[in-house]
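What follows is a short report on a single structure.
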Amino acid sequence: MGSGGARFIMISQLLATGGIWLSLAGTEILLDPGPGCLVGAIKRKLHPEKLAAIIISHRHLDHTGDANVMVEAMTGGGFNHRGQLFLPADAIDSEPVVYSFLINHLEEVETLAEGKSYKVGQVSFETPLKHIHGVETYGFNFDTGRHTFSYITDTRYFEALGQSYHGELLVISMLTLENRPGLDHLSVADTERIINDAKPRIAILTHFGMTMWRAKPWQIAEEMSQKTGIRVIAASDGMRFDLGQLAQIV
């Protein structure tokens, strides 16, 4: 529901920042509900009251701006005690991103930790690594029973990334064009290296910052496809991807 990330894209809304909506094995899951998530969901005729879980990778605003309103919507305004919330410990203990009265509406709240596994309906997921990103941050490997996919959220590059995210589909937050000192985000070169190491069937680039957007990420994705021999797609706002496509790729 949004292909943008970081502060300047977020506050300008040149690209939407609504996160990722998963519809898997009859289970609806929301990842990283940034600003505009609720409006984006309703615009696309998605139904927040059907969500089984909300998963937050880390507590930055572009990943949590609509967390409270999405919990409110998932629980029917608080009248239905239901739904799961997964988030890092520092997103609920030291600086909560969800109000305490909303926490009481939820059926379950679970904190994420490195190397742990979780379950939502028929879908399982794991958090293989703690990322390098200033606040407690995790990416995810999902298993639907038919397909696997991985989501690498914000982080500085380190070698274990390409070895730890092994999904058939790999979604990567590629915020910036080039590496900059002190910036804990992935660049084009970092992303290409991860794709070469992980060797997914398809990779989707998303969470573009301003410099990345100006560099035309769809062109970068095409160049990356040619270099890696793996199909690379640049996400766009409202884009849908059917995991059934993975079975068609040898």
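Throughout, read-outs are computed from the coordinates displayed, never taken from laboratory work. Treat the numbers as computed from the prediction; the structure is a model and nothing was measured. For neighbour counting, all protein chains shown are included, and Cβ atoms are generated from backbone atoms with ideal geometry for every residue, glycine included.
Filtering region 95-142 to residues that are in contact with a strand residue (DSSP E or B) (Cβ under 9 Å, 6 or more places away or on another chain), within 16 Å of A160 (Cα to Cα) and β-branched (V, I, T) leaves T127, T137.
When each of D32, D62 is tested for being under 17 Å from M239 (Cβ atoms) and among the acidic types (D, E), the lone residue that passes is D32.
Scanning region 25-44 for residues that are part of a helix (DSSP H, G or I), buried (at least 22 other Cβ atoms within 10 Å of the Cβ) and touching a helix residue (DSSP H, G or I) at 6+ places or on another chain (Cβ under 9 Å) gives C37, A41. None of P96, P88 is surrounded by 13 or more Cβ atoms within 10 Å (Cβ to Cβ), touching a residue at least 12 places away in the same chain (Cβ under 8 Å) and more than 23 Å from L46 (Cβ to Cβ) except P88. When T155, T191, T206 are checked against the criterion of being surrounded by 17 or more Cβ atoms within 10 Å (Cβ to Cβ) and under 15 Å from I20 (Cβ atoms), a single residue qualifies: T206. Considered as a group, the residues in region 70-89 that are in a helix (DSSP H, G or I) and within 18 Å of the chain's Cα centre (by Cα) include one that is farthest from P33 (Cα to Cα), and that residue is A89. Only strands (runs of 3 or more DSSP E) whose full extent lies in region 105-220 are considered here, and the ones with at least 1 residues that are in contact with a His (Cβ under 9 Å, 6 or more places away or on another chain) and under 20 Å from E28 (Cα atoms) are 140-143, 148-152, 169-173. Any residue at all in region 126-138 that is crowded, with 16+ Cβ neighbours inside 10 Å, among the small types (G, A, S) and under 28 Å from D237 (Cα atoms)? Within region 126-138, none of the residues are crowded, with 16+ Cβ neighbours inside 10 Å, among the small types (G, A, S) and under 28 Å from D237 (Cα atoms).
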